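Colleague: Let me begin by handing over the structure; questions about it come next.
The values are calculated or read from the model by the stated rules, or taken from the named source; none is laboratory data. What you see is a predicted model, and the numbers here were worked out from it, not measured in a lab. For neighbour counting, all protein chains shown are included, and Cβ atoms are generated from backbone atoms with ideal geometry for every residue, glycine included.
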Amino acid sequence: MNDCKNCGMNYDQSEYDFCPYCGQEAEEKMADSVEEAPRKKIIKKEKPVSPEKNKPAGNKLIYILIGLAALVIIAAAVSAIFIFSESGVTVPDKYATIQEAIDAAEDGDEIVVQVGVYRENIDFKGKNIILRSTDPDDPAVVSETIIDGGGSGIVVSFRSGEGEGAVLSGFTVTRGSGIVISGAGSPVIEKCIIEDNTAEYGAGIYIVNSTPTIIENTIMGNSGSLGGGIFIEEASPWIEGNTITGNRSNMGSGIAIIYDSKPTVKDNVITDNYAANIGGGVLIAVGSTPLIEGNMITGNYAERNGGGLYIDESEPLIQENTISRNQAANGGGIFIVNSMGTPFLISANNIEDNISFIAGGGIYMQGSTPTIERNNFIKNESEYLGGAMAVYISSPVLRLNIFESNQAKDVGRGGAIWYSTDSALELNDPDDNTYLLNLPDDLHQE
């Protein structure tokens, strides 16, 4: 037996020419000369090695790469979990109130507000940011994402020259003085419900010296003195695709347009608004020149004048509207006054089923010279004078209109048109207007 000088293990040297434990040759064998012929054939046994030492180096690299890939997959999974768990909501996830989020925002930011009631009065403070509900296209989300003004004060303010990048989208704005836009601003108000607000001017939306875009909103149940739904002064807003309904005021219950304003009012539904005095649907006054086009102006009421529209000292272009089922003492559909020097145009409208309790079921005019052409006057009624039209001290131009089934009831006169002796109708020769089934007659002057 021999003790290995390398590992110290004991083994039979007659059986092995090397240590079977570590592979070290016997010391005396290592000292033999190379020339000396071996006494016997040496049969070496394989050196036992551990499994880990027996693996090629390439396998280790593979395992390292597999491990790194696993780490990458785990990291990606964790990141994905974080991303998908992120709601994308700014309020109340990141800020407790809408105003806190606005204060922290910079131009170009978007603030997303979760469904809920936010009892605050907010101010955009001149920032061109988007403020929206989680889904402005979902009526349920809009009706349940509420900015509540708490019964007083402006609910949403744009008073610092905000531009087109300032957007309010998909909220219910209520219980305050509505929305105020001033300071030469041009923000966008879209897809909101603006309801149950109260203010002397513009209870729903007040616009002065600005050019905002007001699109696809419902403006309803607001009340004030002038402009229950929208008030416009020295301004040129774009107002399109809104429903303006159930608002109340003394004058201009749906929309009041005054003092050199030039708005575009297009493709809106203006309905069921009530004026205690004048302008149930729309009031246009004091040098204003709006475009009123493609609207449904229906079912509005004024105690005195202008159930659908009231026009005073202004030059509107009124075209391609449906003006129907409106009521007033004078001018159930349209009332026009003090516009002798302003030859404006009323063209291609359907003026039908309007009622006046005194004169001018479709149109009443006094001291005015509008051009009225290619309109359909159908089934308008007056209790006394001018089923379709009553004309006092005026000189309208009438061309290519259809007057059908209009009526001056009871002791009335002028089923189609009644006009005073100090008025003149400017008609083509021959008259190219069409008169059908008007009662008790077509034209009556006195």
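Colleague: Go through the range 271-288 and give me each residue that's of a type in the set (Val, Ile, Thr) and either in contact with a helix residue (DSSP H, G or I) (Cβ under 8 Å, 6 or more places away or on another chain) or touching a residue at least 40 places away in the same chain (Cβ under 8 Å) (or both).
Modeller: The answer is Ile278, and nothing else.
Colleague: Here's another thing I want to ask about it. Return the residues of the range 412-438 that are assigned to a strand (DSSP E or B) and modelled with pLDDT under 95; say none if nothing qualifies.
Modeller: Arg413
Colleague: Something else now. Could you look through the range 324-338, keep only residues that are more than 19 Å from Asn401 (Cβ to Cβ) and of a type in the set (S, T, N, Q), and pick out the one that is surrounded by the fewest Cβ atoms within 10 Å (Cβ to Cβ)?
Modeller: Asn338
Colleague: What is the residue count in the range 270-299 for residues that are under 15 Å from Gly227 (Cα atoms) and of a type in the set (A, V, I, L, M, F, W, C)?
Modeller: 9
Colleague: For the range 294-383, which fully contained strands (runs of 3 or more DSSP E) count at least 1 residues that are under 22 Å from Ala275 (Cα atoms) and aliphatic (A, V, I, L, M)?
Modeller: Answer list for the range 294-383: 296-298, 301-305, 309-312, 317-319, 322-324, 327-330, 334-339, 350-352, 355-359, 363-368.
Colleague: Filter the range 112-148 down to residues that are among the basic types (Lys, Arg) and crowded, with 17+ Cβ neighbours inside 10 Å and give me whichever is nearest to Val180 (Cα to Cα).
Modeller: Looking at the filtered set, the residue picked out is Lys127.
For every residue, the table says whether it meets (1) over 20 Å from Thr245 (Cβ atoms); (2) touching a His at 6+ places or on another chain (Cβ under 9 Å); (3) not small (Gly, Ala, Ser).
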{"position": "Ile111", "(1), (2), (3)": "yes, no, yes"}
{"position": "Tyr118", "(1), (2), (3)": "yes, no, yes"}
{"position": "Arg132", "(1), (2), (3)": "yes, no, yes"}
{"position": "Val141", "(1), (2), (3)": "yes, no, yes"}
{"position": "Ser169", "(1), (2), (3)": "yes, no, no"}
{"position": "Arg175", "(1), (2), (3)": "no, no, yes"}
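Colleague: Among the listed residues Lys379, Lys409, identify the single one that is of a type outside the set (Phe, Trp, Tyr), surrounded by fewer than 24 Cβ atoms within 10 Å (Cβ to Cβ) and modelled with pLDDT under 95.
Modeller: Lys409
Colleague: All but one of (1) in contact with a Phe, Trp or Tyr (Cβ under 7 Å, 6 or more places away or on another chain); (2) free of Cβ contacts under 8 Å to residues at least 60 places away in the same chain hold for Asn330; state the number of the condition that does not hold.
Modeller: For Asn330, the exception is condition (2).
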